[in-house]
Amino acid sequence: MGRDKAALTLEGETLLAIAVEILRPLVRNIFVVGGPDRYPETQNLQDLIPDAGPLSGILTALCASTSELLLVRAVDLPLIATSTLQDLIAASKGADITMIRTPDGRKHPLCAVYSKRCIEPARKSLILGLRRVEHLLEYNTLSVRILNSEEIGGIPEEFTNINTPEDMEKARKLLSGRT
């Protein structure tokens, strides 16, 4: 969109505020990777490897976390329900990576759970210049669980990603249709 998505507003709240509100009941610490320190109750982290995309953000948060598992939720997925994330966390037991696939076949690596075992593969990928999070799925040393959104009670509309003004309008319409 050419702008900082975290500052975009939906229903009068920034996408960052929506993300924090959804995560608050699920996790002890909420990390915001990159950008200025701009939200109370979160810990702002600077990328360990600057300008290396979301994989660097995941690596940074994994290194900072004191928990074995890290729930990752992109700020530009504002419709994901807390209950969907609870189900994702419950399904992640015993896996190094647990992510959701929607009916259209898309995997959502920025709505996923990662274990600390992903640190070295992520670091290695970034050193090799491989910035896509999906590269982690290729490491045979990591156990990967990919769930269909329906398996965890999620609905495909929850995974509406805000990349364009049209996407934002779609999200507004979906929210206005909720009861």
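The values are calculated or read from the model by the stated rules, or taken from the named source; none is laboratory data. In this text the structure is predicted, and so the values were computed from the model without any measurement. As a convention, Cβ positions derive from the backbone with ideal geometry for all residues, glycine included, and neighbour counts pool all protein chains shown.
When you look at residue 126, is it crowded, with 17+ Cβ neighbours inside 10 Å, in contact (Cβ under 8 Å) with a residue 24 or more places away in the chain and over 14 Å from the mean Cα position of the chain (by Cα), yes or no? Yes, satisfied. Restricting region 129-139 to residues that are in a helix (DSSP H, G or I) and more than 10 Å from residue 55 (Cα to Cα) leaves a set whose member that is farthest from the chain's Cα centre (by Cα) is 138.
If you scan region 80-91, which residues turn out to be assigned to a loop (DSSP other than H, G, I, E, B) and surrounded by fewer than 21 Cβ atoms within 10 Å (Cβ to Cβ)? Talk me through it step by step, then tell me what you get.
Going through region 80-91, the residues assigned to a loop (DSSP other than H, G, I, E, B) turn out to be 80-81.
Result: 81, single match.
If I filter region 75-100 down to residues being of a type in the set (A, V, I, L, M, F, W, C) and more than 16 Å from residue 154 (Cα to Cα), which single residue comes out as modelled with the lowest pLDDT?
Restricting attention to region 75-100, the residues satisfying the condition of being of a type in the set (A, V, I, L, M, F, W, C) are 75, 77, 79-81, 85, 88-91, 95, 97, 99-100.
This time we only want the ones that are more than 16 Å from residue 154 (Cα to Cα), so: 75, 95, 97.
Numbers: 75: 94, 95: 98, 97: 98.
Looking at the filtered set, the residue picked out is 75.
Taken together, the residues in region 40-59 that are closer than 15 Å to residue 124 by Cβ and assigned to a helix (DSSP H, G or I) amount to 4. The residue list 103, 121, 109 contains one member that is at pLDDT below 95 and either farther than 28 Å from residue 48 by Cα or not in a loop (DSSP other than H, G, I, E, B) (or both), which is 103. Figure legend. Inter-residue proximity from region 77-105: first residues under 22 Å from residue 116 (Cβ atoms), second residues of a type in the set (S, T, N, Q) and surrounded by fewer than 16 Cβ atoms within 10 Å (Cβ to Cβ), beta-carbon distance below 9 Å, spacing 6+ or different chains. Indicated pairs: 94/143; 95/143; 96/141; 96/143; 97/143; 100/148.
Scanning region 44-72 for residues that are free of Cβ contacts under 8 Å to residues at least 40 places away in the same chain and hydrophobic (A, V, I, L, M, F, W, C) returns 45, 48, 61, 64.
A Cβ distance below 9 Å, combined with a sequence gap of six or more or placement on separate chains, defines the contacts here; from region 2-24, residues that are farther than 26 Å from residue 113 by Cβ reach residues that are exposed (fewer than 15 other Cβ atoms within 10 Å of the Cβ) and modelled with pLDDT under 95 in the pairs 7/38; 11/172; 11/175; 11/176.
Kindly evaluate residue 38 against the criterion of being among the basic types (Lys, Arg), in contact with a strand residue (DSSP E or B) (Cβ under 8 Å, 6 or more places away or on another chain), surrounded by fewer than 19 Cβ atoms within 10 Å (Cβ to Cβ) and free of Cβ contacts under 8 Å to residues at least 40 places away in the same chain.
Values: among the basic types (Lys, Arg): yes; in contact with a strand residue (DSSP E or B) (Cβ under 8 Å, 6 or more places away or on another chain): yes; surrounded by fewer than 19 Cβ atoms within 10 Å (Cβ to Cβ): yes; free of Cβ contacts under 8 Å to residues at least 40 places away in the same chain: yes.
Judged against the criteria, residue 38 is a match.
The condition (being over 22 Å from residue 155 (Cβ atoms) and more than 13 Å from the chain's Cα centre (by Cα)) is satisfied by just one residue among 21, 68, 13: 68. Per the listing 123, 131, the residue uniquely of a type in the set (D, E, K, R) and closer than 26 Å to residue 16 by Cα is 131.
Within region 108-123, does at least one residue satisfy the condition of being without any contact (Cβ under 8 Å) to a residue 40 or more places away in the chain and surrounded by fewer than 15 Cβ atoms within 10 Å (Cβ to Cβ)? Spell out how you get there, then give the answer.
Taking region 108-123 first, the residues without any contact (Cβ under 8 Å) to a residue 40 or more places away in the chain are 117, 120-121.
Pick out the ones that are also surrounded by fewer than 15 Cβ atoms within 10 Å (Cβ to Cβ) and you get 120.
Yes: one or more hits.
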